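Read the figures in this text as sums done on the coordinates, not as results from a lab. What you are looking at is a predicted structure, and each value in this text was computed from that prediction instead of being measured. In this analysis, Cβ positions are derived from the backbone assuming ideal geometry, glycine residues included, and neighbour counts consider all displayed protein chains.
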Amino acid sequence: MVLATDIQVAQNIGFGIIAAIMVLCAVAVVAARNVVRAALALVMVMAGAAAQYVLLAAEFVAVTQVLVYIGAVMVLFLFGVMLTRAKLGAEAELNNKNWAWGIPVALVMFVVMAWALVDGFEDTRLGGTVGDAAPQDTAVISDLIFKPYVLPFWALSFVLLAAVIGAIVLARKD
Amino acid sequence: MLVNEFLLLGAILFCIGVYGVIARKNAVMVLMSIELILNSVNINLLAFDRLHGGSDGNVFALYIIAVAAAEVGVGLAMVLLIYRNRKSISLDELSEMKG
Amino acid sequence: MFASESEAVVQSAGWFLENAWLIPVMPAVAFFLIIFFGRRMPRGGSEFGIASMVGALVVASGAAYQWINRVSAPHEGEGEALRSVGGFGRAVAAETGEAAAEVVHHVEPVIRQWVWWQSGGTEFSIGQHIDGLAVMALLLVAFISTLVQLYSTEYVNGDRRYTHFFASLTLFSAGMLSMVLAPNMVQLILGWEIMGLCSFMLIGHWWEEHANSRAALKAFFTVRVGDMGLLVGTAMLLAIFGTLDIAGINEMAAAGEFESKSLLMWAAVALFIACIGKSGQFPLHTWLPDAMAGPTPVSSLLHSSTMVVAGVFLVARIYPVFHVGFDINMEGQSVNLIAIIGGITVLVAAGLAFVQNDIKKVLAYSTVSQLGYMMMGLGVGAWTAAVFHIFTHAFFKCCLFLASGSIAHTASHHSFDMKKDMGGLWRKMPITFGTWMISTAALCGVPFFSGFFSKDEIIDSAKHNHYTIFYVVGIIGAFMTTAYMTRATYLTFFGKPRGGAAHFMGVESHDSHDAHAADAHGHDAHGDDHDAHGHADDHHGPAHGRPLPFAPSDSPWKLTLPLLILGVLAIASGYLNAPVFHIEKFHEWLHCSIGIEVPEPPVFAWSAAAPGLALVALGFVVSLFLSKAVLGEGSSPLKGLTQRVAPFRWVHTFLVNKYYLDHLYEKVVVRAVAHPIARAAYWVNQNVLDGLVNAVGIGGKRTGLWVYRNIDQRLVDGAVNGSGVTARGAGGALQPVQSGKVSMYGALLFGAAAVGALVLVLVNS
């Protein structure tokens, strides 16, 4: 039973538009005939995800998403594309010979997940009013990182260090 | 708003990413598809975080972003190395694991 | 609380005191400039380093001047007001005794802090804590760094890593200076670790030689062992006092505002372990002599005058913690950990200095021994004397090292071996010789040289404060110091020129090789420790045997100017606190940093100093006699004594092997820890696991036999033959799946996951 006052029209419309853009761009990422175009479509998906995070009242993660993904990771991708001499125009051979295998696998997966989600959550509503809730206090997140989750934080630091060293070792020219 | 809106969006992105991993031949494109999958996971985490209250999901999402950055760095370094050795980054031609 | 209070203090302080934080910032900026632009500069980046050090020196001098004004300015009323604000440290009560008839007022430190980073409600600050001790150390470090950088422009000239050398040297200064003015333990640890890193980089500056990189690693790891104590001790201080601010810790420790005395004691032990590592105290002193593998300016700056006193500085900085934790100066206490470690270090290191042939190693052990004096001074409550010894020691020991570098650079083919490549140099190098002699006199504690005023004060205080054992240790140490320095001086500057020195002096020494054979005893293979930097190759090898084409007399001015300045200071610095002449300026400027009441320094009397001085004179005479007899020309019954007489030989071998401490660490400790574990693992592997495996194997074999006879042969055989055919068919059918194609594996993986999920959903719904 859903009361009319609980339905947040503006938020739903915003979500719908952003979600549509995200799905279209995600399809473009996996279907584009041009590597650079795919990368740019990926930027749109990332930006859309950041917008969804704001809707979910996770501003800090949204900002981090913009900084790290759109700012850093995408630059890395473009460098990767450039250094491996991908053509700027369309490429004929971007897909596997048996790319069609992907369609049934993805479809089966989606059907199963959708079924499970609809079956499991039905019309469970998010707590509070989405969108105009009080923003997450960054101090709370920092306390969580440095108190209960400090061990994964350390582990993550080592992963990043190893990644930096590993990337240098792998990509070095000698 | 319903939880399912976000969760289904995550599911769609995930499946598109899976399709990309399977269908794409270019190694850089495969890495991009993996990024799609990781983002869909983040959306799920934040939706559940919002559902249950608290901020733990935010912390996980941040960690995933950091791991993804590391993964892209190493992944692209490997792609560069493969490219340098073979002048190609087509995954079709990499079949040393053939049984 | 800090903000308002520091504002009030700052208003009455001068510009230099307010902005003393600029002192470490300047070399830090210079470090980055050198790293990024150094190679493009005409002088390889050294101009940045020297400019920043001169700037730091100017600000430090200004701060010192204003601090002195602040201390000596009339403070009627103001002292009271500041104290009531809740000032740190404690007002020193009216002194009895003739030295200070007036009431000695308490002078507030100038504390400024900024938030460095915060997490939730926890804030970590960075800033400055300027008081007499900090000003003294700032001035000292800035001054010596400036001189050493000037010296280095000549000494490492032409080195292939010239720019990196200056970058590390400048970063070291930044680290040391930021540690010195740290207002809290976090900044202190930061500076402390920067210094450790720079020490590692600079010792291993010529890492192409295996010995150097080994020495760098040894220094780094040994100091790391101690650094664990610093982390643990800091964490314990936070647990005890709930703050990391040095001023707060000192005040609370002095006032007894803590829960558990024993916890404080353990915190002091942990912190003292860090000081043992950094300042080369007894069990962990082994890294310091090896650290002499680095270039001589590095030995001079880091490993004699500044970095190694960081441990002593830490003890002096948070003295109330140690003072209360170890019950120093309590009634009936005649020993404590600091004094014991310091005392042992004095004697152990002085003993080792006798058997070294490498001039830098003699000085290194001498440094260790003098650091022992400082620790001992802090251990017996002679705070002012110990800190004053930091001050004077820095000048004369830096001067000694630079003099040895000057000899090696100019006279002895970059060799530091006194027996092979030196001797008779005093005629040819008047400036080096003169400054060496002044500094040696200061080191030995000859009256009216600076070392006398500080070292004698420590020894005197030990007696005065009823630490009789350490008084005896102190005067024996003075005897030994004089003796080994006389030996080193004799070997270096007197006698017949040998090896490199002979070429330098223009004396052809045909018997130099015979001499090598004759004094082969006691050479512990340090001959290969020669500095072998960039242009050393020019002088080695073929050049052997012809006179050197350069340097007709003493070293160039860039080497001698720092020597002269330091030589003058080796005398002059002592007169800041010369009890003989009733000068107690140093005490007056610094006593507010103690933070707790310590006994008054003893009133100077020649009669009290007489035993020490007599031993110094005796040491000189005995050592000169022995050196002349054993090492000089002409035959003497004492020659080769260590080979002929067994007890002497034993002692000699014992000393040459550095009391077997390195053996203890590498062979015994490492083995004692590593080997039992390895052996236990091996035993478990051999007996338990193998037994299990064997048992399982035997059981399996029996079962297998039974199965084979009863089931396999009769029942299964037929079935197997059938299934074999099936399996082969299935394998053939699945072979294309093992394509080695990543995408195919991905499809299978996700497909299997999807099917699995489907099954789960169907089962659950």
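Report the full-extension gain for the segment C:Lys585 to C:Leu661: residue separation times 0.36 nm, less the Cα-Cα distance, to one decimal in nm.
23.2 nm
Please state, to two decimals, what the Cα-based radius of gyration of chain B comes to when divided by 2.2 N^0.38 Å (N = residues). Before the final figure, lay out the partial values.
Working: Rg = 16.6 Å, N = 99, 2.2 N^0.38 = 12.6 Å.
That works out to 1.32 for chain B.
Go ahead and run the numbers for FRET between A:Val36 and A:Val66, Cβ-Cβ distance against an R0 of 25 Å, rounding to 0.05.
With R0 = 25 Å, the Cβ-Cβ based efficiency is 0.75.
Suppose we take every Cα in region C:371-479 and form the convex hull; what volume per residue is that in Å³?
That works out to 102 Å³ per residue.
Roughly how far apart, in whole Å, are the Cα centres of region C:291-306 and region C:353-426?
10 Å
Among the trypsin sites (Lys or Arg not before Pro) within region B:8-99, which fall in a DSSP loop and have no more than 15 other Cβ atoms within 10 Å of their own Cβ?
The qualifying sites are B:Lys87, B:Lys98.
Using a cut-off of under 17 Å, list every residue of region B:47-88 whose amide N is near the label point 7 Å from the Cα of C:Tyr745 along the Cα-to-beta-carbon line.
Within reach of a label on C:Tyr745, which here means backbone N under 17 Å from a point 7 Å along Cα→Cβ, region B:47-88 contributes B:75-76, B:78-79, B:82.
Have a look at region C:199-266 and give its Rg and Dmax from the Cα atoms, expressed in angstrom.
18.2, 54
With charges only on Cβ, +1 for K and R and -1 for D and E, what is the dipole size of region C:298-441 about its Cα centre, in debye, rounded to 20? If you can, show how the numbers build up before the last one.
On the way: 8 positive and 5 negative charges, 107 e Å.
Roughly 520 debye, rounded to the nearest 20.
Could you give the semi-axes, largest first, of the ellipsoid that matches region C:369-427, computed as the square roots of 5 times the alpha carbon gyration tensor eigenvalues and rounded to whole Å?
Output for region C:369-427: semi-axes of 33, 11, 8 Å.
If you take the beta carbon distance between C:Gln713 and C:Val651 as r and set R0 to 60 Å, what does 1/(1 + (r/R0)^6) give as a FRET efficiency, to the nearest 0.05?
Using R0 = 60 Å, I get an efficiency of 0.15.
Give me the distance in nm between label points sitting 7 Å out from Cα along the Cα-to-Cβ direction at C:Phe124 and A:Arg172, one decimal.
Between C:Phe124 and A:Arg172, the label points sit 3.0 nm apart.
Using only the alpha-carbon atoms of region C:279-348, report the extent along each of the three principal axes, biggest first, to the nearest angstrom.
47, 25, 13
Most exposed first by the Cβ proxy, i.e. fewest other Cβ within 10 Å, how do C:His389, C:His582 rank?
By the 10 Å Cβ count, ascending, the order reads C:His582, C:His389.
Between C:Arg160 and A:Val118, what FRET efficiency comes out of the Förster formula 1/(1 + (r/R0)^6) with R0 = 51 Å and r the beta carbon distance, rounded to 0.05?
0.15
Given labels modelled 7 Å from the Cα in the Cβ direction, how far is it in nm from C:Arg728 to C:Asn694?
Reported label-point gap for C:Arg728 and C:Asn694 is 4.1 nm.
How crowded by other chains is A:23-30, given as the mean number of beta carbons from other chains within 10 Å of each beta carbon? Please report the intermediate quantities before stating the final value.
Details: counts 4, 0, 3, 13, 4, 1, 10, 13.
Taking the mean over all residues of the peptide, I get 6.
How fast does region C:113-254 diffuse by Stokes-Einstein, in µm²/s, taking the Kirkwood radius from C-alpha pairs at 20 °C and 1.002 mPa s? Show your work: numbers first, answer last.
Working: Rh = 17.0 Å.
So the translational diffusion coefficient is about 126 µm²/s.
Find how many whole Å separate the alpha carbon centroid of region C:560-621 from the alpha carbon centroid of region A:143-162.
Spelled out, the Cα-based centre of one part sits 52 Å from the other.
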